[in-house]
Amino acid sequence: MCPKKYWPWRFIVKFLTLSFIVPVSTFAQPAPRSVTIGSNPPGTVFYALASGLAKVASEGAPTQLVVQPYSGTSTFLPLLDTGEVDFGINNAVDMALSYQGPVRLKIGGRNPFQHTPNVRLVMRGSILMTALLVRKDTPMKSIHDIRGKRLTGEYPAQLANWYNLYGFLAGAGMKWEDVQIVPVPGANEGVDALVQGRADVALHAIDSAKVKEADAAVGVRHLSLDCSPQGEKRLRAAVPGYYPYWLKRGQATAIAEDTCVNAYDIYLTTHKASPEKVVNSILKNIWDNVDKLAPLHPGFKDWTRQRAVDPDVTIPYHPAALQLYKERGVWPASMDDTQRRLLALNP
């Protein structure tokens, strides 16, 4: 017999063998020893949350989650989009603006975020609360008292803070022209300006390390926003995703009396090319050990399994997260419509 007669069969057998081997070897590739999670600088709530998540997600896991701080969310979002940063701690409003891009979505007539079509959601987490901050001995009691005062602003390294101030002022029926803006790059520098007497009013997250530091240095307290029915309506209209939240006296640092603050959601994010094995490992460890988060920082109080999946999210979920939530029975069929709608924005 001529051997050449059988070469097609040998080729087919070899091809089929390789077709089985390649997927198995790809799946069997070891997980990376470490991946990064981007956050705001030390002293911010986002840094504290990133550190807590990294600790819990890394316990007993083959992949360690390592915190990589940046000057602000807007500085590392492009890196998250390309996969140079593996995970991130971001807020819902920033993610809506960056995921949809400046062509589709503007708030206050602007959207300075770079378009990030590849970002994906891993877990919807705690409620982020922010408010205006003043020295404890000031006569100012509410946002309506800041007219004509020196207010820290611009925040080029942390664009979310520009939207915070825009929403606060709009909720009170005020405009930028009603205050004197003191330019600062980020929230920490704004609190420094307040402590040093270069500003009368600053902005920061509730119960952050920076607020505690300022309170120990000079004594500070938060001001109430305009949370009247009309004020709430103006706030929600100005920045979709914002909502008012009342805190009781003493519930957090610098809450000297019952105070109405601004609230919106915090996300654990990644990018669409992040390996499913890695995302599943990180999320599973957080999901299974979520009770370990609350003792690490007050900001984890609302980081619960019940809040992980929600139809009001502003970016689509990563496939590995979606699969885990389905396995845990917390992904209702209606969420498929939400996922399809959000993915359709960046096909």
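Worth a mention:
- Pairs, first closer than 13 Å to THR36 by Cα in the stretch 46-58, second open to solvent by less than 10 Å² (accessible area, probe 1.4 Å) and part of a helix (DSSP H, G or I), C-beta under 6 Å, six or more apart: ALA57/ILE282; ALA57/ILE286
- For GLN180, the requirement of being out of contact with any helix residue (DSSP H, G or I) (no Cβ under 8 Å at 6 or more places or on another chain) and either buried (at least 22 other Cβ atoms within 10 Å of the Cβ) or without any contact (Cβ under 8 Å) to a residue 60 or more places away in the chain (or both) is met.
- Against the conditions (1) open to solvent by 10 Å² or more (accessible area, probe 1.4 Å); (2) part of a strand (DSSP E or B); (3) touching a helix residue (DSSP H, G or I) at 6+ places or on another chain (Cβ under 8 Å), ILE127 satisfies every one except (3).
- The condition of being at pLDDT 85 or above, open to solvent by less than 10 Å² (accessible area, probe 1.4 Å), in a helix (DSSP H, G or I) and among the aliphatic types (A, V, I, L, M) holds for only one of VAL56, VAL85, that being VAL56.
- With respect to the conditions (1) of a type outside the set (A, V, I, L, M); (2) open to solvent by less than 50 Å² (accessible area, probe 1.4 Å); (3) touching a strand residue (DSSP E or B) at 6+ places or on another chain (Cβ under 7 Å), ARG150 falls short on a single one, namely (2).
- Complete set of residues in the stretch 207-229 that are under 19 Å from GLY43 (Cβ atoms), modelled with pLDDT of 95 or more and crowded, with 21+ Cβ neighbours inside 10 Å: LYS210, VAL211, ALA214, VAL220, ARG221, HIS222
- Within the stretch 310-347, the only residue that satisfies the criterion of being among the hydrophobic types (A, V, I, L, M, F, W, C), out of contact with any Ser or Thr (no Cβ under 9 Å at 6 or more places or on another chain), crowded, with 18+ Cβ neighbours inside 10 Å and not in a helix (DSSP H, G or I) is TRP331.
- When the stretch 246-295 is limited to residues that are under 18 Å from the mean Cα position of the chain (by Cα) and open to solvent by 30 Å² or more (accessible area, probe 1.4 Å), the one that is nearest to SER126 (Cα to Cα) turns out to be ALA294.
- Pair list, Cβ under 8 Å, 6 or more apart: the stretch 99-112 residue over 20 Å from TYR317 (Cβ atoms) and open to solvent by less than 50 Å² (accessible area, probe 1.4 Å), other residue in a helix (DSSP H, G or I) and of a type in the set (Gly, Ala, Ser): ILE107/ALA238; GLY108/ALA170; GLY108/ALA238; ASN111/GLY101
- LEU79 being open to solvent by less than 20 Å² (accessible area, probe 1.4 Å) and at pLDDT 95 or above: no
- THR253 satisfies every condition listed in (1) assigned to a strand (DSSP E or B); (2) of a type in the set (Ser, Thr, Tyr); (3) farther than 22 Å from ALA54 by Cβ except (1).
- Selection status of ILE143, open to solvent by less than 10 Å² (accessible area, probe 1.4 Å) and closer than 29 Å to PHE300 by Cα: yes
- Search result, residues across the stretch 143-175 that are among the polar types (S, T, N, Q), out of contact with any Lys or Arg (no Cβ under 9 Å at 6 or more places or on another chain) and not in a helix (DSSP H, G or I): GLN158
- Residue under evaluation TRP162, criteria (1) closer than 22 Å to TYR243 by Cβ; (2) surrounded by 24 or more Cβ atoms within 10 Å (Cβ to Cβ), criterion not met: (2)
- Criterion (within 19 Å of VAL279 (Cα to Cα), among the β-branched types (Val, Ile, Thr) and either open to solvent by less than 70 Å² (accessible area, probe 1.4 Å) or modelled with pLDDT of 95 or more (or both)) met by exactly one of VAL67, VAL45: VAL67
- Any hit, the stretch 190-201, residues being in a helix (DSSP H, G or I) and free of Cβ contacts under 8 Å to residues at least 12 places away in the same chain: yes
The values are calculated or read from the model by the stated rules, or taken from the named source; none is laboratory data. If you're wondering where the values come from, they're calculated on a predicted model, not measured in any experiment. With ideal geometry, Cβ positions are generated from the backbone for all residues, glycine too; neighbour counts draw on all protein chains shown. Note: accessible area is taken over every heavy atom of the protein model, side chains too, but ligands, DNA and RNA are not part of it. Shrake-Rupley method; radii C 1.70, N 1.55, O 1.52, S 1.80 Å.
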